[in-house]
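Accompanying notes for the structure given below.
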């Protein structure tokens with residue numbers, strides 16, 4: 001399973017920033033092989049799609065164009081800000097990460113309280129954790 005993680009360095013111990021945009025790039029790695037991870041810093045959405053990643057581990061996403069591109073390609077976005085890549089992978093495997101349903105400011109449940117109201121989701125979307 002190919003995974004992308006938004007980080008500042010090519011390391012499983014790297015901390016995932018609280019927003020995608022704070023990351024210097026993405027680390028692409030396969031959970032099923034011992035191939036070394038690749039770190040890319042340009043054309044991030046295209047690299048994620050070309051690597052056929054099934055998941056992106058990151059903080060909140062503000063970039064609507066990037067979000068739409070990876071969502072259309074079927075990449076699941078998981079909220080993993082402030083975790084190491086290693087911790088995020090373990091949490092993902094244990095079904096403990098929240099899916100990111102939209103970019104911040106987008107038309108759906110997207111993140112921070114000033115852009116999201118519990119009336120829209122009954123308070124149970126994963127994005128509500130920062131807006132209560």
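The values are calculated or read from the model by the stated rules, or taken from the named source; none is laboratory data. What you see is a predicted model; the values in this text were computed from it and never measured. Every residue, glycine among them, receives a Cβ derived from its backbone with ideal geometry; neighbour counts consider all protein chains shown.
Quick notes
- Of the residues examined, residue 69 is not one that is free of Cβ contacts under 8 Å to residues at least 24 places away in the same chain and out of contact with any strand residue (DSSP E or B) (no Cβ under 7 Å at 6 or more places or on another chain).
- Residue in the stretch 22-37 that is farthest from the chain's Cα centre (by Cα), counting only those that are outside any loop (DSSP other than H, G, I, E, B) and within 21 Å of residue 93 (Cα to Cα): 30
- Checked against (1) surrounded by 17 or more Cβ atoms within 10 Å (Cβ to Cβ); (2) over 13 Å from the mean Cα position of the chain (by Cα); (3) at pLDDT 95 or above, residue 90 passes all but a single condition, namely (1).
- Of 19, 41, all but one fail to be closer than 23 Å to residue 107 by Cα and either modelled with pLDDT of 95 or more or surrounded by 15 or more Cβ atoms within 10 Å (Cβ to Cβ) (or both); the exception is 19.
- Odd one out for residue 10 among (1) assigned to a loop (DSSP other than H, G, I, E, B); (2) within 27 Å of residue 105 (Cα to Cα): (2)
- Each residue in the stretch 38-51 was checked for being in a loop (DSSP other than H, G, I, E, B) and within 20 Å of residue 81 (Cβ to Cβ), and 1 of them qualify.
- Given (1) out of contact with any strand residue (DSSP E or B) (no Cβ under 7 Å at 6 or more places or on another chain); (2) assigned to a loop (DSSP other than H, G, I, E, B), number of the condition residue 62 does not satisfy: (1)
- Qualifying residues in the stretch 1-21 (those that are without any contact (Cβ under 8 Å) to a residue 60 or more places away in the chain and closer than 20 Å to residue 68 by Cα) - the one farthest from the chain's Cα centre (by Cα): 2
- Restricting attention to the stretch 65-86, the residues being assigned to a loop (DSSP other than H, G, I, E, B) and buried (at least 18 other Cβ atoms within 10 Å of the Cβ) number 4.
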